[in-house]
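This report refers to the structure that appears directly beneath it.
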Amino acid sequence: MSENLKDILSHLQGTTDQETLLKYLNNQLSDTQKHKVEKQLLKDSFDNEALEGLQEIKDKEGIELMVDALNRDLKKKLEKQKQNRNKRMLKPQWAVYFSILILLIILVLVFIYIRYYAS
């Protein structure tokens, strides 16, 4: 599993990471690690529900592929939302700024001309 897509829940503290849950589900953990995971599952209902959902999946070998696909899809959606947010932001319009500056300079010159030469 690639490192940048590894865990969509990495920002949550206290939760068991998905690799540990998958290893627990496939009985690849030592007894002490299993006990530690079970203790965490009792504390955190979110982790417990995640494990229950993983247990209901029939294709145990395909779980990691599904998790990778979900992580990629989530990352794509978040990136798309970020791009849409950036599109809505106003970009600097230098032509407008330059036009306003020229207009101000012309107004100052006209004011000076009227003040000193027209009287």
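The values are calculated or read from the model by the stated rules, or taken from the named source; none is laboratory data. Everything numeric here is computed off the predicted structure, so don't read it as measured data. Backbone-built Cβ (ideal geometry, glycine too); neighbour counts: all protein chains shown.
Residues in region 80-101: is at least one touching a residue at least 40 places away in the same chain (Cβ under 8 Å) and in the same structural domain as GLN28 (by TED's automatic domain parsing)? For region 80-101, residues touching a residue at least 40 places away in the same chain (Cβ under 8 Å) and in the same structural domain as GLN28 (by TED's automatic domain parsing): absent. Answer yes or no as to whether LEU104 is within 30 Å of ASP17 (Cα to Cα), of a type in the set (A, V, I, L, M) and surrounded by 10 or more Cβ atoms within 10 Å (Cβ to Cβ). So LEU104 fails the test. All of VAL110, VAL67 fail the test of being within 17 Å of LEU25 (Cβ to Cβ) and outside any loop (DSSP other than H, G, I, E, B), apart from VAL67. Within region 8-43, the residues that satisfy the criterion of being in a loop (DSSP other than H, G, I, E, B) and modelled with pLDDT under 85 are ILE8, LEU9, SER10, HIS11, LEU12, GLN13, GLY14, THR15, THR16, ASP17, ASN26, ASN27.
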